[in-house]
1. If we count every other residue with Cβ under 13 angstrom of residue 37's Cβ, Lys/Arg +1 and Asp/Glu -1, where does the sum land?
2. Which percent of the accessible heavy-atom area of the chain goes to carbon and sulfur, probe 1.4 angstrom?
3. Please list log₁₀ I(q)/I(0) at q = 0.12, 0.23 Å⁻¹ for the chain, using the Debye equation with identical point scatterers on the alpha-carbon positions.
4. Report D for segment 16-64 in µm² per second (integer): Stokes-Einstein, Kirkwood Rh on Cα pairs, 20 °C, 1.002 mPa s.
5. Once fully extended, how much extra length lies between residue 48 and residue 72, figured as 0.36 nm per residue of separation less the alpha-carbon to alpha-carbon distance?
6. Of 7, 36, 88, which has the most accessible area with a 1.4 Å probe, and how do the rest follow in descending order?
7. Counting only heavy atoms of the protein chains, get the accessible area per residue of the chain (1.4 Å probe) and round it to a whole Å² value.
8. Quick one: if the Förster radius is 22 Å, what FRET efficiency do residue 85 and residue 25 give, using the C-beta to C-beta distance and rounding to 0.05?
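The values are calculated or read from the model by the stated rules, or taken from the named source; none is laboratory data. If you're wondering where the values come from, they're calculated on a predicted model, not measured in any experiment. Cβ: placed from backbone, ideal geometry, glycine included. Neighbour counts: every protein chain shown. Note: areas computed on protein heavy atoms with side chains; ligands, DNA, RNA excluded. Shrake-Rupley method; radii C 1.70, N 1.55, O 1.52, S 1.80 Å.
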Amino acid sequence: YTGAAGWMVRLLTESLLGIHLEVDRLRVSPKLPAAWPSIDLHYRHHDTVHHIHVRNHGGTPTVTRVMSDGVEQGDRTIPLHSDHNEHWAEVDVGDG
């Protein structure tokens, strides 16, 4: 069962939530049901926790804006830190 459980977690993380690790950045491109107005994720990178709030504006699953610690990210990814501090990110999805 360990292998099946691991694959299920990976399926949910990568497919539904759209979380993809890209070296030292996190790309979040979720495919959320229209009935979900938002989700909150807590991602641990080494000894640092990143709190991610995803707002679902409906329409397309396109990521329209990413803010990390109050700074808009032009490449729409979340920079990952390893500084033992908490970091906050906001991801806006949809065109509604």
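1. Working: positive: 55; negative: 40, 92.
Result for the local shell: -1.
2. Numbers: 3440 of 5990 Å².
Answer for the chain is 57 percent, counting heavy atoms of protein chains only.
3. Normalising to I(0) and taking log10 leaves -0.38, -1.21.
4. Working: Rh = 11.8 Å.
Here the translational diffusion coefficient equals 182 µm²/s.
5. 6.6 nm
6. Working: 7 165, 36 100, 88 140 Å².
Sorted descending by solvent-accessible area, the residues read 7, 88, 36.
7. Values: 5990 Å² over 96 residues.
Spelled out: the 1.4 Å probe surface of the chain, per residue, equals 62 Å².
8. Working: r = 17 Å, r/R0 = 0.78.
After rounding, the FRET efficiency stands at 0.80.
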